[in-house]
Amino acid sequence: MRPRLFVYGFFLLVIQSCSSPTPETNDEPTEIPRPNILFIMSDDHAQRAISAYTDELIHTPNLDRIADEGMLFRNSFVTNSICAPSRAAILTGKYSHINGKIDNLNKFNPDQWTFPEALQQAGYRTSLIGKHHLQALPRGFDSFRGLVGQGDYYNPKFVLNGDTLERETGYTSTIITDYALAELKRNAAAEQPFMMLYWHKAPHRNWMPDTSDLPGLLDKHYPEPANLRDEYSGRAAAEHADMRIANMFVSHDHKVTREYEPNDPGTGGATFWEDGPQRMAENFYRQIENLTPDQQRAYQPFLDRIGKEWQEVKGTDRELSWRYQRYLQDYLGSVKSVDDNVGRVLDYLDESGLAENTIVIYTSDQGFYLGEHGWYDKRFMYEESHRTPLMVRYPAAVDAETDNDDLVLNVDLAPTLLDYAGVDIPVELQGASLRPLLSGETPDDWREDIYYRYYQQMASFHRVARHEGVRDERYKLIQYTEAGFEGYELFDLQNDPAEMDNRIDDPELEEVKTRLLGRLADLKEELKVPD
Ligand code: CA
């Protein structure tokens, strides 16, 4: 595809140098139409909650279709495991220190290069439907319908091309999908190729499943991870973090209403606000009050049973197990809404004849803890949140039922899409096109290790010490830079995939440690990371 650009470039020169530019050309290529792009992203979706990766927790038949009919990336990672920075890395193809969106607190600079704008300039019709969470309105979209902030699970508010609209009635995953389908229909009728970001809110906290999925939800029971009761030996930053299921909000997270628990004992990662727990509880009560009468009728029996169960387990040795089940029921219930709705979109691509020439990407802005280390949330460079799902279907060029084990990153997505669209990849981009991998050919010089960095200040949500690190196929070295937590962790992922045994002082791994420290310094230099 890329040589075509040189052709365009040549004609541009001809046009600029001629006084009456009427070149006789057939410069519109006719061989293979440029692919459409449907980029589906969910929020906080762990690989373990997609059955294409593992069926231990949930069956996701629609999401699995993307992997079954395309490629599943088993080693897909983010560069900074938190929502808005990951979205910025995806849009810009650059790490946080270059695109400037280092944490959830600072503002994304909307005046910088993004791949949607590059595709728009190359003739694509571009749209964003759903959650973007970047505060600033991104450029480069012909049509933009974004959730306001984090958005609510029910009756959400959208911004349409800059104007905030009234609250809508219904379930957010479904409403986003209704808009996505309407946009796809407009795209199908247009001459030009399209690129649509169809970005879900679910399964972001506080996980409220669709009313149609509430019956039977409280009877579901999930296996506990072996390290649900992690005691964090040798991992001081992990011990300090406030993201344990044991301390989740009983109200906001577990859905226990005031009448069953007037004094929520949870800290929920929000104690940096003096009245954090109170605010979060109030937020939950507001969500319940904002339900329509029909939605409230569906929710009330569910809330009553939860409240009674809480009163039975509170303070007993069954409390943590109950909290874990309660968390997974809601989290996986929210994943189900994404799966159902993605199915509607895939069906439409089939019915409309768009499927063959549309690249479908499914990913998340990062992974998530589903009880591993006793946690929910993300941020740490440990596997569950360092990883993110990635599946790509493109029948015209990617073989069905293929797997890839190479180390790939969220910053690779922008160059990949430009590559397929025949648009020149700017040299400043820090990711690499996955197109060769998707064609089944990993280049000999493909990366062998990856750099990671988490920046958000400790005095904010979840109290996570700042850190950076390097991971290769087998080992991971993490360096904590936060005052009071300075130090290293080293894990052998082959023998300790759950990352419980910090072997930084193990003489057996002295060589590995030295090598990874060298790689960390080299990668920082390569990626222009300031000290
Ligand atoms: Ca997220």
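Cβ-Cβ distance below 9 Å, separation of 6 or more or different chains: which pairs start in segment 288-299 with a residue that is touching a residue at least 12 places away in the same chain (Cβ under 8 Å) and end on one that is open to solvent by 90 Å² or more (accessible area, probe 1.4 Å) and among the polar types (S, T, N, Q)?
Sorted first by the residue in segment 288-299, then by its partner, the pairs are Thr292/Thr169; Gln295/Thr169.
Residue under question is Val338, and the condition is that it be crowded, with 18+ Cβ neighbours inside 10 Å and not in a helix (DSSP H, G or I); does it hold?
No: the conditions fail for Val338.
Tell me the strands (runs of 3 or more DSSP E) entirely within segment 89-170 that contain at least 3 residues that are in contact with a Ser or Thr (Cβ under 8 Å, 6 or more places away or on another chain) and within 24 Å of Phe194 (Cα to Cα). Spell out the reasoning first.
On the way: elements: 125-130, 143-147, 158-160.
Per the criteria, 125-130, 143-147.
Among the listed residues Pro138, Pro110, identify the single one that is more than 28 Å from Ser439 (Cβ to Cβ), out of contact with any helix residue (DSSP H, G or I) (no Cβ under 9 Å at 6 or more places or on another chain) and not assigned by TED's automatic domain parsing to the domain that holds Ala465.
The conditions single out Pro110.
What do you reckon, is Phe461 out of contact with any Phe, Trp or Tyr (no Cβ under 6 Å at 6 or more places or on another chain) and open to solvent by 10 Å² or more (accessible area, probe 1.4 Å)? Please lay out each step first, then the result.
Numbers: out of contact with any Phe, Trp or Tyr (no Cβ under 6 Å at 6 or more places or on another chain): yes; open to solvent by 10 Å² or more (accessible area, probe 1.4 Å): yes.
So Phe461 fits the description; yes.
Give just the number: which of (1) within 26 Å of Asn227 (Cα to Cα); (2) of a type in the set (Lys, Arg); (3) open to solvent by 10 Å² or more (accessible area, probe 1.4 Å) does Lys476 not satisfy?
Just one mismatch for Lys476, condition (3).
Which one of these is assigned to a helix (DSSP H, G or I), away from the ligand (no atom under 16 Å from the Cβ) and crowded, with 21+ Cβ neighbours inside 10 Å: Leu320, Leu303, Leu328?
On inspection, the qualifying residue turns out to be Leu328.
Hey, can you tell me all the residues within segment 187-203 that are in contact (Cβ under 8 Å) with a residue 40 or more places away in the chain and open to solvent by 40 Å² or more (accessible area, probe 1.4 Å)?
Within segment 187-203, Ala188, Gln192 qualify.
Exactly one of (1) more than 19 Å from the chain's Cα centre (by Cα); (2) modelled with pLDDT of 95 or more; (3) open to solvent by 10 Å² or more (accessible area, probe 1.4 Å) is unmet by Arg139. Its number?
Every condition holds for Arg139 apart from (2).
Applying the selection to segment 382-419, what residues are within 30 Å of Ala236 (Cα to Cα), assigned to a strand (DSSP E or B) and open to solvent by less than 10 Å² (accessible area, probe 1.4 Å)?
Val408, Leu409
Give the residues of segment 204-248 that are part of a loop (DSSP other than H, G, I, E, B) and open to solvent by 60 Å² or more (accessible area, probe 1.4 Å), sorted by residue number.
Pro215, Lys220, His221, Pro223, Glu224, Ala226, Arg229, Glu231, Ser233
Looking at Arg519, is it basic (Lys, Arg), open to solvent by 10 Å² or more (accessible area, probe 1.4 Å) and over 29 Å from Tyr362 (Cα atoms)?
yes
The values are calculated or read from the model by the stated rules, or taken from the named source; none is laboratory data. These numbers come from a predicted model, not from an experiment. Because the Cβ atoms are built from the backbone with ideal geometry, glycine has one as well, and the counts that use them run over all protein chains shown. Ligands, DNA and RNA are excluded from the accessible area calculation, which covers all protein heavy atoms including side chains. Shrake-Rupley method; radii C 1.70, N 1.55, O 1.52, S 1.80 Å.
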